[in-house]
Each structure stands twice: as structure tokens, then as C-alpha cells.
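A.B. asks: Dropping the structure in here first, questions after.
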Amino acid sequence: MLRINTLSSVIRRYSIRSIPFTKEDLKGDDKYKDLNDHYSDLFTSEETQVSSKSKENSLSDDIAEINAELNELYGVESPIEVQNVEQREQKPQEFPIKEQDIHHDIQQDIQQDTQPIPTLKKESLLDKIKSNTPKIFISKSNNPFLNLAMEDYIFQNTPVTNPFKAQRLIFYTNTPCVVIGKSQNPWRETNLPYLNSVGIPVLRRNSGGGTVVHDLGNVNYSFINSKESFSRTFFGSVIVKAVNKRYGFEKLAQNERGDIIMALDKKKISGSAFKVTRGKSYHHGTMLLNSDLANLKQALNKRQRTGIMEFECRSVDSVPSPVDNLGLPNHDFIEVVSKAFQKMYETPVEIVEVDEFHNEEILKIAENLKDWKWRFGSTGSFKLKLNHQESGTLIEFHVEKGILKDFKTNKESDFEFLREQLTRGLELKFKSDEFVRFIKGDLYEWIGNQIDGTH
Amino acid sequence: MFSRSLLRSSSATSRLMLNNTLKLSFRYQSSLIGKFNKESLINTYSKGPIDLRFTEDHEYVAAHPDQTAFIGITKYASDAIGDVTFVELPEIGDKIDQGDVIGSIESVKSSNDIFAPISGEVIAINEQLNDNAPLVNSDPLGDGWIVQVKVEDAEQLKELQNEQEYEESLKQDA
């Protein structure tokens with residue numbers, strides 16, 4: 001537990017440094033104030049305070065501290081993850097994943113492989129997205145809201161022609177976050193009390209499927225193609241072939257569902273989801289390379305709820321699978337898959353670094369993505385039954401669009417104030433900081449802890 | 001709204017990637033449109049006659065004499081998308097414009113947009129789908145209808161394909 005928290009706080013500190021988009025950058029631009037405040041809020045509070053405090057001490061002190069903790073806990077010296085971190089710290093030019101380098105490497109490789117890439121200097125991001133040739137986009141941001149917004153923006157603006165020529169491959173890496181499928185219930189699919197306690201946000205995406213966890217050791221890919229060419233398995237097979245070629249043996253395989261798995265022990269290393277709309281479609285997925293799997297497990301842990309907590313809802317279920325890391329460095333994976341993508345087309349494939357996150361449209365999409373009404377409020381109606389065994393209290397909450405509509409309990413007297421609020425027509429979000437204070441006695445705390453721990 | 005390519009095998013799609021014009025044949029023993037369920041509300045709602053129309057997005061519109069119409073997806077589309085797990089419905093009272101995204105159907109990790117085939121106002125949604133989303137697969141032209149709308153412009157209906165035209169377009173693609 002100590003180890004997880006400490007390591008993830010280190011990851012968070014990195015991520016703060018790599019967010020290219022800070023409140024300071026846009027100072028004086030009122031238009032973006034709310035959004036920026038949100039991002040600041042999201043990544044500040046405790047984490048940033050820690051970050052600024054430790055800025056001068058440099059990260060090496062933290063690492064020494066972690067090593068000491070690990071020694072104490074496991075009797076090991078400088079485990080690999082920490083060694084890597086240390087090396088990176090000592091050689092700042094190699095850290096973090098330097099998108100410029102990736103860009104450079106891939107461009108070089110491609111230039112070696114094929115014709116030179118046309119240099120289109122004055123094109124805006126939108127011009128590039130609207131151009132009718134295959135392209136690769138690599139995000140320079142690690143902010144999950146901005147990256148999901150960028151992906152949507154690219155998808156929306158990709159031109160549809162017959163035949164379709166604007167295939168897109170997008171890569172982005174996010175700071176720790178949990179991403180649920182479009183038709184899922186975040187209360188049921190994620191461990192909200194844990195996520196809130198460590199400051200990991202929950203996002204809802206536009207594609208279907210189940211819940212995934214992102215962090216800096218995970219690379220997200222997104223393959224946009226025509227609706228006619230939509231396939232749940234095609235791009236996975238491209239990745240499997242490319243990675244296997246790189247390793248020189250069958251490291252990866254696809255299972256019958258099209259998921260990418262380790263060939264040897266069948267553990268899943270990539271979660272996929274899809275979107276199909278008029279004329280176009282995408283297949284996007286996670287790729288676990290060097291992710292914090294303990295955090296992943298904890299984020300999705302439904303807290304041994306049997307007998308205590310029960311959901312009645314019709315939203316889409318996640319299918320839990322044993323997972324593993326591929327172990328390839330992020331930039332190697334991006335390079336390997338980019339080359340494979342590039343080889344699928346006869347025309348040269350430009351690689352575009354995306355750093356235009358001040359784009360009004362992207363910010364608008366990001367704003368919607370962070371809206372509580374979308375993330376939580378668009379959940380289909382559900383009932384949550386809680387059983388506090390010690391006091392023999394049973395309670396059943398009825399939630400519609402994220403709003404507490406009604407409840408039933410065998411201890412009505414403890415809940416009379418809450419009943420009063422609902423009778424008065426008060427709109428209470430199903431967040432413990434919104435309503436558990438209306439519950440009498442000690443029970444409020446237990447209920448708050450079960451729901452999300454925000455009270 | 002959905003294409004037959006959803007059913008392609010992965011090796012077929014790899015080939016397809018390099019040659020977008022390649023089409024795989026698609027064999028149907030029964031009607032491509034599916035069976036119009038006469039027992040269901042989309043038929044029994046009025047005494048008729050019903051004007052049944054289709055779109056290129058593989059949706060149908062079953063219009064009744066009172067200028068209301070039931071909208072759903074065809075058997076062809078529901079077979080193509082696979083097992084439906086969730087249907088996102090619009091709300092009663094929503095004004096919809098032809099071509100708008102009015103909801104989505106989730107099947108096997110894919111979210112598939114539903115488009116408004118005509119303009120109008122949503123007057124009913126198929127609440128049964130909340131509890132039984134697979135009705136879209138088992139009875140698309142029947143109990144698996146999605147919304148009922150008040151038709152705004154009857155001319156829009158006439159511009160949609162009739163049964164023969166739709167069936168013909170599917171055969172041509174096949």
C-alpha cells in the first residue's frame with residue numbers, strides 16, 4: 001500500500017511537469033478560465049503542493065526515500081522502476097518520453113524506408129486533420145481531458161470521401177485516470193473511494209465497451225477508418241504483427257474476441273473499444289507497456305462488495321481479465337506501430353505532433369468531457385442497495401441521471417432530514433458530499449465511504 | 001447506418017485495407033429487410049395503411065395515417081452490429097432534425113450512432129429496450145422499434161426508399 005501510493009505520487013509529480021497547458025500560460029484569457037481552473041484544480045491541491053515543495057530538492061530525494069521504503073518493506077535494493085526513474089533524472093535530456101525525439105526517430109526511419117515527408121509548414125492542425133491522406137498524430141499532452149478531446153476533434157473533422165483516404169492513427173499517453181465506456185455506470189465499475197482518495201479522475205468516453213485505467217506507462221492508440229472498413233480485429237492484428245516482428249518471435253497474439261494478449265500466458269495487455277458513425281469509425285485501445293498494475297487493480301476493485309453493496313442497473317458491464325505489461329518503452333511501441341501503419345499506404349504518411357491545445361473547439365470538447373453531467377449524470381437509472389450489517393440498516397438509493405430521486409430504508413428515522421430534502425424537491429447529486437450530511441448518527445460516514453468518499 | 005463489413009473476418013479486412021473497393025459477398029437466406037412484425041405496436045398502433053420507408057443508414061420509418069412514425073433499424077443492420085447490449089434513447093419531447101444523431105446502440109464494445117431519418121418531435125420511446133436491449137436483434141421491425149416521432153414534413157418520407165428499392169440496394173451491394 002505504501003509502495004503504491006508513493007510510486008503513484010511520483011508519477012503524478014512527473015505528470016504535472018509535463019502538462020503543457022497551465023493556468024499561467026493562458027493568464028488573462030478569461031475565455032478559458034473555468035477550464036484552466038479545472039485543470040489546475042485537478043492537478044493541484046495536494047499533489048502540486050508536494051510538487052512545488054520538492055521542486056528544489058529535486059526528485060532524487062524522493063527516490064532515495066522510496067528506495068528506503070522499499071528496502072524496508074521488501075529488503076530489495078533499487079528496484080528496476082526506480083532505477084529507471086533515477087537514470088532519467090540524472091540525464092534530463094532523456095526524460096520524459098520526449099515526443100520530439102519520437103517524432104524525429106520516426107521521421108528518420110520513414111525517410112530511410114520511403115520517400116521524404118512533404119514539409120507543410122503553414123498548415124494549421126485543422127488543415128492537417130482535414131487533409132485527405134493518411135496521417136499519424138502524436139499528442140504532446142498528458143492531460144486525459146485534452147487528449148480525449150483531441151481524439152474526438154480529429155475524428156469529427158476527418159473527411160469522408162469515396163473511396164476513403166483519410167485513415168488516422170493517433171497516439172496519446174495520459175496521467176493516471178480511469179476511463180469508462182459510454183454506456184457504463186462509474187459508481188459500479190470503478191473504486192470511487194480509492195480514486196477520490198488519490199486524486200485520479202474518472203472520464204467517460206464516446207465509444208462503447210468497458211472500463212480501462214491509463215497512466216504514463218500505457219500508450220493509447222486510435223485508428224480511424226471508413227465505416228465500410230470497420231473491423232473489431234483488423235488493427236489489433238496490425239499491432240500484433242508489428243510487435244512480434246520487433247521481438248523476433250510470437251510475443252503477442254489475438255484471442256477470439258480480438259483482444260491483444262500475451263502469446264505465452266494469454267494475459268490481456270490491451271483493451272479495445274469502438275465507435276461507428278456516418279461514413280467513419282474508429283478502433284481505439286490501451287496498450288499496457290509499463291503501467292502500475294497494482295494501481296490498475298485497485299482502481300477497478302469493486303471492494304469485495306458482496307453482501308454490503310449491490311447495484312441494480314442495466315448499464316454495460318466490464319469484463320475483468322488478468323492483465324500484464326508488454327514491457328516495451330513507450331516510444332518504441334509508438335515507433336513500431338507507426339511504421340506498420342505507414343507501410344499500409346502507398347503515399348507518404350506525415351507525422352503530426354499535436355500541441356495546439358489552446359484550440360477553442362478542443363477546449364469546448366474537453367469542457368464537456370469534464371462536466372459532471374456527462375461523466376456521472378449520463379448514467380442510466382440505477383438502484384444502489386447498501387447493507388450496514390453492524391446496525392442492521394438496509395438502504396436502497398434510486399438514482400436517475402446521477403441525481404438522488406428516492407430511497408427506501410428500514411430505519412426511516414435516521415433518514416428523516418434526507419427525506420425532507422427530497423420532498424422539498426432539492427436536486428441532490430449522488431455524491432456523498434452532497435447528501436450524506438442529511439443522514440443522522442454515525443451512519444453517514446459509512447454510507448459516504450461506500451459511495452465515493454467525497455464527504 | 002451500419003455496413004455489412006462488420007461481419008468481415010480479420011484477414012478479409014486486412015486485404016480490404018489495401019483495396020477499399022473489394023466487396024465480400026453477403027448471403028441471406030431470408031429477406032434482407034427482416035420480418036415486419038404485425039403483432040407489434042409498430043403495426044397495431046393504427047388501422048393503417050402504413051408507409052414503410054428505409055434509409056441508406058439501414059433504418060426504417062413506419063409511418064401511420066396520423067402523421068406519426070416508428071423508427072428502428074433493419075434486420076440487416078442489427079445482424080451486422082452483433083449482440084446489442086444497450087440502447088441510448090432520446091427523450092420524449094426532443095425536436096429532431098433529419099440526419100441528427102438521436103441516440104446510439106451499443107454492441108460488442110462498439111457504440112453505433114442512430115440518425116434521425118426524418119425531422120419531427122419524439123412522442124414516444126421504446127422503454128422496453130431499457131430492460132431488454134436484445135429486442136433490437138430478435139425483432140428489429142417489431143418490438144425492437146426505437147422511437148416514435150410526430151412527422152414534421154411528409155415530403156421527407158417520400159424521398160426515402162420504399163421496400164423494393166431498399167431490398168434492391170442491398171442486393172446490389174451483396
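The values are calculated or read from the model by the stated rules, or taken from the named source; none is laboratory data. The structure displayed is predicted, hence computed values, not measured ones. With ideal geometry, Cβ positions are generated from the backbone for all residues, glycine too; neighbour counts draw on all protein chains shown. Ligands, DNA and RNA are stripped out before the accessible areas are found, and what is left, the full protein with its side chains, is counted by its heavy atoms. Shrake-Rupley method; radii C 1.70, N 1.55, O 1.52, S 1.80 Å.
A.B. asks: Can you give the average number of partner chain beta-carbon atoms within 10 Å of each beta-carbon in peptide A:227-239, as a whole number?
C.D. replies: Taking all residues of A:227-239 together, the mean is 6.
A.B. asks: Relative contact order for the stretch A:202-279: what percent, with Cα pairs under 8 Å and sequence separation of 6 or more?
C.D. replies: On the way: 69 pairs, mean separation 25.6, N = 78.
Relative contact order for the stretch A:202-279 comes out at 33 percent.
A.B. asks: Out of residues 5 or more away from A:Glu353 or on other chains, whose amide H comes under 5 Å of its own, with H placed 1.01 Å from N in the peptide plane?
C.D. replies: A:Ile138
A.B. asks: How much solvent-accessible surface does A:Arg246 expose, in Å² to the nearest 10, with a 1.4 Å probe and all protein chains in place?
C.D. replies: Number for this one is 120 Å².
A.B. asks: On to the next question. If packing is taken as the average count of other Cβ atoms within 10 Å, what order do B:92-100, A:267-275, B:77-85, A:360-368 fall into, highest mean first? Working shown, then result.
C.D. replies: Numbers: B:92-100: 14.4, A:267-275: 23.2, B:77-85: 21.0, A:360-368: 17.8.
Peptide ranking by packing, descending: A:267-275, B:77-85, A:360-368, B:92-100.
A.B. asks: List the residues whose amide H sits under 5 Å from the amide H of B:Ile118, counting only those 5 or more places along or on another chain, with H placed 1.01 Å from N in the peptide plane.
C.D. replies: B:Gly99
A.B. asks: What distance in nm lies between label points placed 7 Å from Cα along the C-beta direction at A:His388 and A:Thr306?
C.D. replies: 2.5 nm
A.B. asks: What are the ³J(HN,Hα) values, in whole Hz, obtained from phi via the Karplus relation 6.51 cos²θ - 1.76 cosθ + 1.60 with θ = phi - 60°, for each residue of the stretch B:112-119 in sequence order, with x given for Gly and Pro?
C.D. replies: With the stated coefficients, the stretch B:112-119 comes to 10, 5, 9, 10, 7, x, 9, 8 Hz.
A.B. asks: Stokes-Einstein at 25 °C, 0.890 mPa s, Kirkwood radius from Cα pairs: D for the stretch B:46-106 in µm² s⁻¹?
C.D. replies: Numbers: Rh = 13.1 Å.
Once the numbers are plugged in, D ends up at 187 µm²/s.
A.B. asks: If you don't mind, another one. Assuming R0 = 30 Å, can you tell me the calculated FRET efficiency for the pair B:Asn162 and A:Glu367, based on Cβ-Cβ distance, to the nearest 0.05?
C.D. replies: Calculated transfer efficiency: 0.10.
A.B. asks: Also, quick follow-up: Hey, which of these cross-link pairs are over 27 Å Cα-Cα: A:Lys266/A:Lys401; B:Lys95/B:Lys158; A:Lys241/A:Lys302? Don't skip to the end; give the middle numbers.
C.D. replies: Values: A:Lys266/A:Lys401 38 Å; B:Lys95/B:Lys158 20 Å; A:Lys241/A:Lys302 35 Å.
Beyond 27 Å between Cα atoms: A:Lys266/A:Lys401; A:Lys241/A:Lys302.
A.B. asks: Continuing with the same structure: State the extension gain, in nm to one decimal, for the chain segment bounded by A:Lys343 and A:Glu123, taking 0.36 nm per residue of separation less the distance between their alpha-carbons.
C.D. replies: On the way: separation 220, 0.36 × 220 = 79.20 nm, distance 2.41 nm.
Once the chain is fully extended between A:Lys343 and A:Glu123, it gains 76.8 nm.
A.B. asks: Also, quick follow-up: For the stretch A:382-451, which whole-number percentage of the solvent-accessible area (1.4 Å probe, protein heavy atoms only) is attributable to carbon and sulfur atoms?
C.D. replies: Numbers: 1620 of 3670 Å².
Reported share for carbon and sulfur atoms: 44 percent.
A.B. asks: May I pose another question? Applying the Karplus parametrisation 6.51 cos²θ - 1.76 cosθ + 1.60 with θ = phi - 60° to the phi angles of the stretch A:139-155, what ³J(HN,Hα) value in whole Hz is obtained for each residue in order, glycine and proline being reported as x?
C.D. replies: 6, 9, 9, 10, 7, x, 5, 5, 5, 5, 5, 4, 4, 4, 4, 5, 4
A.B. asks: Rounded to the nearest 10 Å², what accessible area does A:Thr173 show when all protein chains are kept and the probe is 1.4 Å?
C.D. replies: Looks like 10 Å² after rounding.
A.B. asks: Once you place label points 7 Å from the Cα toward the Cβ at A:Asn449 and A:Glu416, how far apart are they in nm?
C.D. replies: That separation, rounded to one decimal, is 2.7 nm.
A.B. asks: Shifting gears a bit: For the stretch A:316-453, report the translational diffusion coefficient in µm²/s to the nearest whole number, using Stokes-Einstein at 37 °C, 0.692 mPa s, and a Kirkwood Rh over Cα pairs. Don't skip to the end; give the middle numbers.
C.D. replies: Numbers: Rh = 19.6 Å.
So the translational diffusion coefficient is about 167 µm²/s.
A.B. asks: Per residue, how big is the convex hull of the stretch B:98-174 when only Cα atoms are used? Give it in Å³.
C.D. replies: Working: hull volume 9.5 nm³, N = 77.
In the stretch B:98-174, the Cα hull volume divided by residue count equals 123 Å³.
A.B. asks: Give the B-A buried accessible area in Å², both sides summed, 1.4 Å probe, nearest 100. If you can, show how the numbers build up before the last one.
C.D. replies: Details: alone 9240 and 21800 Å², together 28240 Å².
Looking at B and A, the buried total is near 2800 Å².
A.B. asks: Still on this structure, I have one more. What's the extension gain from A:Asp442 to A:Lys165 if we count 0.36 nm per residue and subtract their Cα-Cα distance?
C.D. replies: Details: separation 277, 0.36 × 277 = 99.72 nm, distance 6.22 nm.
Length gained between A:Asp442 and A:Lys165: 93.5 nm.
A.B. asks: I've got another one for you. Taking the radius of gyration and the Kirkwood hydrodynamic radius from Cα positions alone, what is the Rg/Rh ratio for the stretch A:181-223, to two decimal places?
C.D. replies: On the way: Rg = 11.3 Å, Rh = 11.6 Å.
Reported Rg/Rh (Cα atoms, Kirkwood Rh): 0.97.
A.B. asks: Quick one: dipole size for the stretch A:347-455, taken about the Cα centre, charges +1 on Lys/Arg Cβ and -1 on Asp/Glu Cβ, in debye to the nearest 20.
C.D. replies: On the way: 16 positive and 22 negative charges, 151 e Å.
Its charge dipole is roughly 720 debye.
A.B. asks: Let me ask something else about it. Over the stretch A:382-451, calculate the relative contact order: mean separation of alpha carbon pairs under 8 Å at least 6 apart, over the residue count, as a percent. Spell out each step's value before the answer.
C.D. replies: Working: 88 pairs, mean separation 15.8, N = 70.
Relative contact order, the stretch A:382-451: 23 percent.
A.B. asks: Can you give the three extents of the C-alpha atoms in the stretch A:139-265 along their principal axes, from longest to shortest, in whole Å?
C.D. replies: 45, 40, 28
A.B. asks: While we're on this one: Shielding of A:276-283 by partners, i.e. mean partner chain Cβ atoms within 10 Å per residue? Please list the in-between numbers first.
C.D. replies: Details: counts 13, 9, 7, 1, 0, 6, 1, 2.
Mean number of neighbouring Cβ atoms from other chains: 5.
A.B. asks: On alpha carbon coordinates alone, what is the Rg over Rh value for the stretch A:382-451, Rh being the Kirkwood radius? It would help to have the intermediate numbers written out before the result.
C.D. replies: On the way: Rg = 10.9 Å, Rh = 12.0 Å.
Taking Rh as the inverse mean 1/r over Cα pairs, Rg/Rh reads 0.91.
A.B. asks: Under the rule of at least 5 residues apart or a separate chain, name every residue whose amide H is placed under 5 Å from the amide H of A:Val219.
C.D. replies: A:Met287, A:Leu289
A.B. asks: At what distance in nm do the modelled label points of B:Glu91 and B:Asn130 sit from each other, each positioned 7 Å from its Cα along Cα→Cβ?
C.D. replies: Output for this residue pair reads 1.3 nm.
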